[in-house]
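Written below as structure tokens is the structure these notes are about.
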Amino acid sequence: MMRARVIFGGLLLVVVALVVQVVRKEQVLAHGTSVLLELAPVDPRSLIQGDYMVLDYAVSREARLATATDWGASSSTDSDPKEGRLVLRLDENGVGRFVRHDTPGTPLAPGELLLRYKVRQHRVRLGAESFFFQEGHADRYEGAKYGELRVTHDGTSVLVGLRDTNRQPLGRAGEAEPVQIN
């Protein structure tokens, strides 16, 4: 009887944790600002996982270069930040451009927003590093030039789709709405 309670309690904790994560992501989708981030070229295929696209953002590369400059170009040390927030400014097309790393206590200028990142294997990661799609549909996403994210005021983000060079949604017709800049 005691063993069943422990198992049920552990299962309940896992379910509650999953529900909390889903609710948080739904809040980002509902209330986040739409931001387009320019993508770097990548290989959209994996033999084991099926078709997908590895996403490498231009702002990640710019932040990595700024990090090397700010903290010295030598190899990474344990004292280098492992996570933080980037400051972006949206251009007239809703494309986020890297401005600087966020410094606590420094206010944002008008038009700037925050985007959380983590450093993993010497790369600045924004949390949405892969975009999976149905096998055989790679041609629909070959023209991806931008990743569309929803970003909240604290920098939390969720990838919502890919866009072409004209910033139009990729995928099936009607699958995503045009970007609306607030």
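Return a yes/no flag: does the range 70-82 have any residue that is outside any loop (DSSP other than H, G, I, E, B) and either open to solvent by less than 50 Å² (accessible area, probe 1.4 Å) or at pLDDT 75 or above (or both). Don't jump to the end; show me each part of the working.
Narrowing the range 70-82 to residues outside any loop (DSSP other than H, G, I, E, B): 70-71.
Those left that are additionally either open to solvent by less than 50 Å² (accessible area, probe 1.4 Å) or at pLDDT 75 or above (or both): none.
Taking every residue of the range 70-82 in turn, none turns out to be outside any loop (DSSP other than H, G, I, E, B) and either open to solvent by less than 50 Å² (accessible area, probe 1.4 Å) or at pLDDT 75 or above (or both).
Can you spot a residue in the range 115-138 that is open to solvent by less than 60 Å² (accessible area, probe 1.4 Å) and modelled with pLDDT of 90 or more? Spell out the reasoning first.
Just the residues of the range 115-138 that are open to solvent by less than 60 Å² (accessible area, probe 1.4 Å), to begin with: 115, 117, 119, 124-126, 128-131, 133, 136-138.
Still in the running and modelled with pLDDT of 90 or more: 115, 117.
Yes: the range 115-138 contains one or more residues that are open to solvent by less than 60 Å² (accessible area, probe 1.4 Å) and modelled with pLDDT of 90 or more.
Only one of these is over 28 Å from residue 60 (Cβ atoms) and either touching a helix residue (DSSP H, G or I) at 6+ places or on another chain (Cβ under 9 Å) or modelled with pLDDT of 80 or more (or both): 16, 20. Name it.
Numbers: 20 fails: over 28 Å from residue 60 (Cβ atoms).
The unique qualifying residue is 16.
When you look at residue 182, is it modelled with pLDDT of 90 or more, exposed (fewer than 13 other Cβ atoms within 10 Å of the Cβ) and assigned to a loop (DSSP other than H, G, I, E, B), yes or no?
Values: modelled with pLDDT of 90 or more: no; exposed (fewer than 13 other Cβ atoms within 10 Å of the Cβ): yes; assigned to a loop (DSSP other than H, G, I, E, B): yes.
Against the criterion (modelled with pLDDT of 90 or more, exposed (fewer than 13 other Cβ atoms within 10 Å of the Cβ) and assigned to a loop (DSSP other than H, G, I, E, B)), residue 182 does not qualify.
Which residue pairs have Cβ atoms under 9 Å apart, sit 6 or more places apart or on different chains, and have a first residue in the range 127-153 that is over 24 Å from residue 117 (Cβ atoms) and a second that is in a helix (DSSP H, G or I) and open to solvent by less than 40 Å² (accessible area, probe 1.4 Å)?
133/141
The values are calculated or read from the model by the stated rules, or taken from the named source; none is laboratory data. Just so it is clear, the structure is predicted and the values come from calculations on it, not from any experiment. Positions of Cβ are generated from backbone atoms using ideal geometry, with glycine treated the same way; all protein chains shown enter the neighbour counts. Just so you know, the surface numbers come from the protein's heavy atoms only, side chains and all, with ligands and any DNA or RNA stripped out. Shrake-Rupley method; radii C 1.70, N 1.55, O 1.52, S 1.80 Å.
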